[in-house]
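Undergrad: One structure, as structure tokens, below. Some questions next.
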Amino acid sequence: MPKFYLTTPIYYVNARPHLGHTYTTIVADSITRYKRLRGYEVVFLTGTDEHGETVARSARRAGREPQAFADEVAGAYQRLWKTLGLDYDHFIRTTESRHEAAVKKLFQAAKKAGYIYKGKYQGLYCVPCELYVTDPTPEGNCPTCGRPPERVEEENLFFKLSAFQDKLLAHYEKHPDFVQPESRRNEVVSFVRSGLRDLSITRTRFRWGIPVPGEESHVFYVWFDALTSYLSGIGYGATGAGASQFERLWPADLQLVGKEILRFHAVYWPAFLMAAKLPLPKTIYAHGWWLMELEKMSKSRGNIVRSEPIHRVVGIDGLRYYLLREMVFGQDSNFSYDALVTRYNSDLANDFGNLVSRLLTMVERYFKGEIPYPSAGADRTAEDREVAAVAERSITAFQQCFDGCDFSRGLEAVWALVSAVNKYLVETEPWVLAEDEAKRARLATVLWTAAEGVRIATTLLYPVVPAAAERVRQQLGLEGELAATSLDDLSWGQFPTGTRIGSLEPVFPRLEKDAAIQQMRQLEEELTAAAAPPARRGGAVSADEQNWISIDDFAKVEMRVGEVRSAERIAGATKLLKMVVDIGDEVRQIVAGIAEAYTPEQLVGKKVVIVTNLQPRKIRGVESNGMIVAATVGDSGRPVLATFSEDVPVGARLK
Ligand code: ME8
């Protein structure tokens, strides 16, 4: 049996899973199911990325030890994948000792081959991206996330990435499938052509990482650590059975990544592997982003949607279908509850679900629940032959699309068949045939043909909507499980006649759109509130007391000196400005109603007062993580920002 080793990125534990993470993992699960139907032994790896400065800082903010914090978030990922029934084989956590052993082994191999040396890094560093910023934006910000980097100076171990420029270019040339899709491949090639600098692969500025052998004050750079998970999760660095599993499975056949981390996977990763004399993965496939109001959905932007509210309302298969059908793999897609429910109702409830229930109701009514025998081939009409031809075309197109990660077009190919069967039933009118005893043979052929079309569509749908497809298969009275079917054997004309159908229950009940959307939004809000720090418990106070607060109450308000790094207007909101403000040990996004009093240019570089422990909230859909302090002046209520007459350090507290 040919093997197929497939990976998702391993997810950072500084954020709980949102729809973007669910997306990649669901895609990997669908590919796993598809490849298994094609006869592959599929091994699917996912996991969590638990080291690094960002995680250490998130843990500190939550008042937790990094390991306890990582345990909790890694647990949240594992629980969600279990709830969603995602069929992974390996879950690797970078804090496991087997992973630590693998990272050290990869490092030693690269060192032995002469690709590691000691040097000094002086320059800019972006903490959230854990990345040295060598090519800042014109405003001096990180090119990946747009946030202001910090100036650092560190003694590090360097990896001789520059030695791999020609080797990488030769590899891209020789293996056009190595980076997909094509457009991204071109970006990677031109990035490498423009020259590669050596890469610092250790850090001394924090301790939360894997210690570097022989350099006790250094820990590994989080990307050197994290990328190795694709090896450690299947036995690299192990002995005995673990090692032989690694020999059998590596190199990976397909590594799925979001486009923002393609450079790490298509440039650094193959260079590390080449240095250690390990074979390179066959394909790195970069997909696009789920956007919310045209911005990447991400925790730091505060614009996330979680999968729980969605799968609780449209079901797990409803969620899976939407994600694979709506996004063209490789491109960005805007998430909308409206589009989600519309897709669900039109494709799943109407086209497919109704077809199944109409068909089975007729088989029950006209043939006492037994799929009838079709008439002999010679009696077939053009309509019968057309359905068969569409089915054969759908089988081929579906497989071609899924082999090329074109899931939305693969599903369109199945819908061509679903629509053809619906059209066939409208044209042949079995309910009219049923009224005439002389047309019973024709009625039998029509229902058999429709059942065969539904069987094929259901089999093709299994990788995307596995639970629903298995239920339809049972309702059709077919034996065995779809999971054990072979797609290579799937062709027209195999529906076993005389099959007794199972009991009918709708697989995709229709949803009332407004109610479903409201329910999902409400669940999402509840989850957001549950994740936020608990609100202060209130109680009734007398009128006299209302004007007084204790010194302890005042001390609860944390105010700090912030410096505005960037500011921009919010489209469609005349009063609002979105600012990025540095408050010392972090930067915050803050929305304030000061656009009529200040231009963005007047604000950049200004020292201001920020209330930093205010519960985050969304203003016009944009997350605001703090409040800027201003006086309200005159009848118009013009805001005047509080600032300082002497120079004060960023981050200083006010009391
Ligand atoms: O980058 N749309 O982890 P991460 C689509 N730990 N996919 C999205 C998405 C969105 N809006 N947001 C996230 C890391 N993703 C590193 C990876 S691998 C050795 C280390 C998906 O938790 C997408 O696949 O930030 C992206 O690559 C991944 O989540 C990043 O998750």
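Undergrad: Would you please name the residue that is farthest from Ala391 (Cα to Cα), looking only at residues in the stretch 420-442 that are part of a helix (DSSP H, G or I) and charged (D, E, K, R)?
TA: Looking at the filtered set, the residue picked out is Glu437.
Undergrad: State which residue pairs qualify: first residue touching a residue at least 12 places away in the same chain (Cβ under 8 Å) and among the charged types (D, E, K, R) and inside the stretch 268-294, second residue in a loop (DSSP other than H, G, I, E, B) and surrounded by fewer than 21 Cβ atoms within 10 Å (Cβ to Cβ) in any location, beta carbons under 9 Å apart, and separation of 6 or more residues or different chains.
TA: Between residues of the stretch 268-294 that are touching a residue at least 12 places away in the same chain (Cβ under 8 Å) and among the charged types (D, E, K, R) and residues that are in a loop (DSSP other than H, G, I, E, B) and surrounded by fewer than 21 Cβ atoms within 10 Å (Cβ to Cβ), the close pairs are Lys277/Ala113; Lys282/His175; Lys282/Asp177; Lys282/Phe178; Lys282/Pro251; Lys282/Asp253; Glu293/Asn303; Glu293/Gly621.
Undergrad: Quickly run through the stretch 270-309 and pick out the residues that are near the ligand (Cβ under 8 Å from one of its atoms), of a type in the set (Phe, Trp, Tyr) and farther than 16 Å from Arg184 by Cα.
TA: Trp290
Undergrad: Filter the stretch 116-132 down to the residues that are touching a Pro at 6+ places or on another chain (Cβ under 6 Å) and crowded, with 20+ Cβ neighbours inside 10 Å and list them by number.
TA: Tyr125, Cys126 - these are the residues of the stretch 116-132 that are touching a Pro at 6+ places or on another chain (Cβ under 6 Å) and crowded, with 20+ Cβ neighbours inside 10 Å.
Undergrad: From the residues in the stretch 13-29 that are within 19 Å of Asp317 (Cβ to Cβ) and of a type in the set (A, V, I, L, M, F, W, C), which one is nearest to the chain's Cα centre (by Cα)?
TA: Across the stretch 13-29, the extreme among qualifying residues is Leu19.
Undergrad: Let me ask another. Please specify each residue of the stretch 420-476 satisfying the condition of being more than 41 Å from the chain's Cα centre (by Cα), small (Gly, Ala, Ser) and more than 19 Å from Arg380 (Cα to Cα).
TA: none
Undergrad: Within the stretch 1-19, track down each residue that is touching a strand residue (DSSP E or B) at 6+ places or on another chain (Cβ under 6 Å) and not hydroxyl-bearing (Ser, Thr, Tyr).
TA: Answer for the stretch 1-19, where residues must be touching a strand residue (DSSP E or B) at 6+ places or on another chain (Cβ under 6 Å) and not hydroxyl-bearing (Ser, Thr, Tyr): Met1, Lys3, Phe4, Leu6, Pro9, Ile10, Val13, Leu19.
Undergrad: Another question about this same structure. Give the residues of the stretch 402-414 that are assigned to a helix (DSSP H, G or I) and either of a type in the set (Asp, Glu) or surrounded by 19 or more Cβ atoms within 10 Å (Cβ to Cβ) (or both), sorted by residue number.
TA: Matches in the stretch 402-414: Phe402, Asp403, Phe407, Gly410, Leu411, Glu412, Ala413, Val414.
Undergrad: Right, here's the next one. Which condition does Phe264 not pass, out of (1) more than 11 Å from the ligand (Cβ to nearest atom); (2) touching a Leu at 6+ places or on another chain (Cβ under 8 Å); (3) free of Cβ contacts under 8 Å to residues at least 60 places away in the same chain, if it passes all the others?
TA: Failing condition for Phe264: (1).
Undergrad: For the stretch 159-206, give me the residue count where each residue is over 13 Å from Met274 (Cβ atoms), part of a loop (DSSP other than H, G, I, E, B) and in contact with a helix residue (DSSP H, G or I) (Cβ under 8 Å, 6 or more places away or on another chain).
TA: Total satisfying the criteria: 7.
Undergrad: Hey, another quick one. Looking only at the stretch 606-655, how many residues end up being part of a loop (DSSP other than H, G, I, E, B) and closer than 15 Å to Leu577 by Cα?
TA: 6
Undergrad: Next question. Tell me, which strands (runs of 3 or more DSSP E) lie completely within the stretch 253-322 with 1 or more residues that are farther than 27 Å from Val591 by Cβ?
TA: Output list reads 254-258, 283-287.
Undergrad: Go through the stretch 332-389 and give me each residue that's aliphatic (A, V, I, L, M), more than 16 Å from the ligand (Cβ to nearest atom) and either touching a residue at least 40 places away in the same chain (Cβ under 8 Å) or in contact with a Phe, Trp or Tyr (Cβ under 6 Å, 6 or more places away or on another chain) (or both).
TA: Within the stretch 332-389, Val341, Leu348, Ala349, Leu355, Val356, Leu359, Leu360, Met362, Val363, Ile371, Val387, Ala388 qualify.
Undergrad: Return the residue satisfying two criteria in turn: it lies in the stretch 231-249 and is of a type outside the set (Gly, Ala, Ser) and either in a helix (DSSP H, G or I) or crowded, with 19+ Cβ neighbours inside 10 Å (or both), and of such residues it is nearest to the ligand (Cβ to nearest atom).
TA: Leu231
Undergrad: Of all residues in the stretch 187-235, count the ones that are of a type in the set (Lys, Arg) and at pLDDT 95 or above.
TA: The qualifying residues number 1.
Undergrad: Identify, from the list Arg455, Arg500, the residue that is within 20 Å of Arg385 (Cβ to Cβ) and touching a residue at least 24 places away in the same chain (Cβ under 8 Å).
TA: Of Arg455, Arg500, the one residue that is within 20 Å of Arg385 (Cβ to Cβ) and touching a residue at least 24 places away in the same chain (Cβ under 8 Å) is Arg455.
Undergrad: Does the stretch 388-401 include one or more residues that are aromatic (Phe, Trp, Tyr) and either in contact with a strand residue (DSSP E or B) (Cβ under 7 Å, 6 or more places away or on another chain) or crowded, with 22+ Cβ neighbours inside 10 Å (or both)?
TA: Within the stretch 388-401, one or more residues are aromatic (Phe, Trp, Tyr) and either in contact with a strand residue (DSSP E or B) (Cβ under 7 Å, 6 or more places away or on another chain) or crowded, with 22+ Cβ neighbours inside 10 Å (or both).
Undergrad: Then there is this: For the stretch 363-412, name all the residues that are aliphatic (A, V, I, L, M) and out of contact with any helix residue (DSSP H, G or I) (no Cβ under 7 Å at 6 or more places or on another chain).
TA: Of everything in the stretch 363-412, those that are aliphatic (A, V, I, L, M) and out of contact with any helix residue (DSSP H, G or I) (no Cβ under 7 Å at 6 or more places or on another chain) turn out to be Ala376, Ala378, Ala382, Ala388, Ala389.
Conditions tested, residue by residue: (1) charged (D, E, K, R); (2) crowded, with 20+ Cβ neighbours inside 10 Å; (3) closer than 17 Å to Tyr366 by Cβ; (4) at pLDDT 95 or above.
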{"residue": "Val418", "(1), (2), (3), (4)": "no, yes, no, yes"}
{"residue": "Val465", "(1), (2), (3), (4)": "no, yes, no, yes"}
{"residue": "Glu470", "(1), (2), (3), (4)": "yes, no, no, yes"}
{"residue": "Leu504", "(1), (2), (3), (4)": "no, no, yes, no"}
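Undergrad: With the checklist (1) in contact with a Ser or Thr (Cβ under 8 Å, 6 or more places away or on another chain); (2) under 30 Å from Thr144 (Cα atoms); (3) charged (D, E, K, R) in hand, flag the one item Glu295 doesn't pass.
TA: It fails just one condition, (1).
The values are calculated or read from the model by the stated rules, or taken from the named source; none is laboratory data. All values derive from a computational prediction rather than experimental measurement. Backbone-built Cβ (ideal geometry, glycine too); neighbour counts: all protein chains shown.
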